[in-house]
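Following: one structure in structure tokens, then a few remarks.
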Amino acid sequence: MIKNFLKKHWWRYLIGVTFLITVDVIQIFIPKQIGSIIDAVGLAVPDMLYVNSLIFRILMLAVGLAIGRIFWRITINGTARLFEFQLLNNMFQHIIHLDQDFFDKWRTGDLMTRFTSDVYLLRRLMGNSIIMIVDAVFMTSLTIIAMGSFVDWKLTLIAIIPLPSIAVISLIFGRMIQRRAMDLQKKTSELSNITEEDIAGIDVIKLYANHEVMEKIFANKAKEYYNSFIKLIRVAGLMYPLAMLVGQLSTIIIFNIGGPMVINNQITLGDFIMTHQYIGMLVWPMIAFGDFVNLLARAKASLKRVNEVLNQPNSVVEPPYEVYDFQGKYEIKNLSFSYPGTKREVLKRVNMKIEPGEMVAFVGKIGSGKSTLAKLLVKMYPVERGTIFLDGKDINDINGRFIRENVSYVPQESFLFSMTVRENIAFSDEKLEPYAEEYAQLAHVHEDITNLEKAYETVVGVRGATLSGGQRQRVTIARALAKNSKMIILDDCLSAVDTETEEEIIKTLRSETEGKTIVVISHRLKAVKDADKIFVFDDGKIVEEGNHDELIVKEGIYYSMYIKQLIEKKVED
């Protein structure tokens, strides 16, 4: 990742480093000009014309510094931002194409931390660390050469003796910083997770009046994050004062050795001031080296966490994307299925046929495997070869994206984006926005939308929070209809509306989508009694199948469920 980026954009860094080195060179000459001014002013008859020329040189050097700093910031920091931009895009493009198993296992807060904190540290590695290491190498070398050449080599070599110990201090503390940085990133992820979950589940917290418990859990995670950060600060905070102390030791050497040299006329007062300024200039590169070690240690931990995301494989191995005349004919043969990483069989030896243009219903108890099978029909999880066939082809030989382009799947959870109602309905293709009303009418939600303050231009808020549960469900159905697929799967997506409305919506869908295959998963048998086929699930198996009349005659599980719901309805009435 980093290596490939550097191969492609090395020239950007070359330009930036050139300007950075130019700035370092310019800085070397400023103390010399100041020392010359002090010596010139100290003469019995100061040459003010010469002094003014030196001041003018300093001004020109300052202008050169400003220009150089502008350009190295644009090139180096700009390239680091480009790296950040490309990395974020690569991470998002990678995870958005991963299968459902990835999102079942990874927590949202953890992913958000990797997209923010970890990417931020890597961006600093690609920007700030370049500046630090160049300054540490070139500024140090140039300053030492300038001190020895312009003043005195003996004084220079004695004065810089304490400075290398800053690098030693940095290396020792760097390992400690890396361990604490990794722990901090872990605590940051945990805090992000609990924050995201609490905000997403705020309705449950309020309904159960469970504020104190959640506040305690959050406070504990926040405390762990705080303690982890303090541990890191203690180490980093100790490193910098030690580095400054070493710098002060060099200053003491300058005064103790350089002072008598001035008195004995071995060097001038201007040379002494120049040397003191050069020592001050050397402290920053040494500290920069420490910062570099610190940043490198933290960035290594972040790089590992980012690579964990980028290296996540798809559990579903996709064949090349190929287009064919999709019909929606499914044949399932002796299918058994367990979710990745688990051993419990959710589906057991399921056999089924779905013909194009049929309306098929899946009914049964909660957890009997209905929704799992629906997800397998659109290839959300991997299955064994020879178990699911679509249009005569093994589903493993068909690209999942092609399947989902031709199947409109409405899941149980009605998720809407923070867009307008119109944009949500036309989510599959913005060209469908003018026809949003048409699909809303088919989903029996048009009247509800027109009663909103801005009708179809109403922004629904996070996850559709401004709409009721029933409205959200019907908008998601309108979104699926707008896709105009040959097959529609409704996965218990009308639970928030009454039985009569659900039955009316399904009837409308069947009449208005003639020739399309419709799979309906519902607990309300009255809503699906007109289906061509009804499959009754129990403990992962299909225990009964047939149309409504055939199943009633059998007087089995379906019959018992249907009679029970009729009695419940009469009691309600």
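Taken together, the values in this text are just the output of simple stated rules run on the coordinates, not laboratory data. In this text, all values refer to a predicted model and were calculated from it rather than measured experimentally. Cβ: placed from backbone, ideal geometry, glycine included. Neighbour counts: every protein chain shown.
Across the chain, the longest piece that holds none of the chymotrypsin sites (Phe, Trp or Tyr not before Pro) lying in DSSP loops with up to 15 other C-beta atoms within 10 Å covers 1-207.
Computing FRET efficiency as 1/(1 + (r/R0)^6) for Y435 and L242, where r is the C-beta to C-beta distance and R0 is 56 Å, gives about 0.20. For K186, the aspartates and glutamates whose Cα falls under 16 Å of its own Cα, not counting residues fewer than eight places away in the same chain, are D110, D118, E196, E224, E308. From the coordinates of this entry, mean projected area of the Cα convex hull in nm² is computed, and it appears in [x] 38.8; [y] 36.8; [z] 28.3 under the label [y].
An oblate overall shape is assigned to segment 330-572, the ratio a/c of its alpha-carbon gyration tensor axes (a ≥ b ≥ c) being 1.5 or greater and a/b not exceeding b/c.
Going down the table (K353/K516; K431/K529; K3/K379), which pairs top 26 Å between alpha carbons? From K353/K516; K431/K529; K3/K379, over 26 Å: K431/K529; K3/K379. In debye to the nearest 20, how big a dipole does segment 2-310 give about its Cα centre with +1 on each Lys and Arg Cβ and -1 on each Asp and Glu Cβ? For segment 2-310, the charge dipole is close to 480 debye. In a reduced charge model with +1 at each Lys and Arg Cβ and -1 at each Asp and Glu Cβ, segment 330-572 shows a dipole moment near 940 debye about its Cα centre.
For the chain, averaging the sequence separation of C-alpha pairs within contact (under 8 Å, six or more residues apart) and dividing by the residue count gives a relative contact order of 14 percent. Here the scattering of segment 81-196 is modelled by Debye summation over its C-alpha atoms, one equal scatterer each and no solvent; at q = 0.13 Å⁻¹ the log10 of I(q)/I(0) is -0.73. Put simply, the amide H of S336, placed in the peptide plane, has neighbours under 5 Å in R349, V350, leaving out anything fewer than 5 places away on its chain. Note that segment 381-388 has calculated 3J(HN,Hα) couplings of 9, x, 10, 5, 5, x, 10, 10 Hz, one per residue in order, obtained from phi through the Karplus relation 6.51 cos²θ - 1.76 cosθ + 1.60 (θ = phi - 60°); glycine and proline are x.
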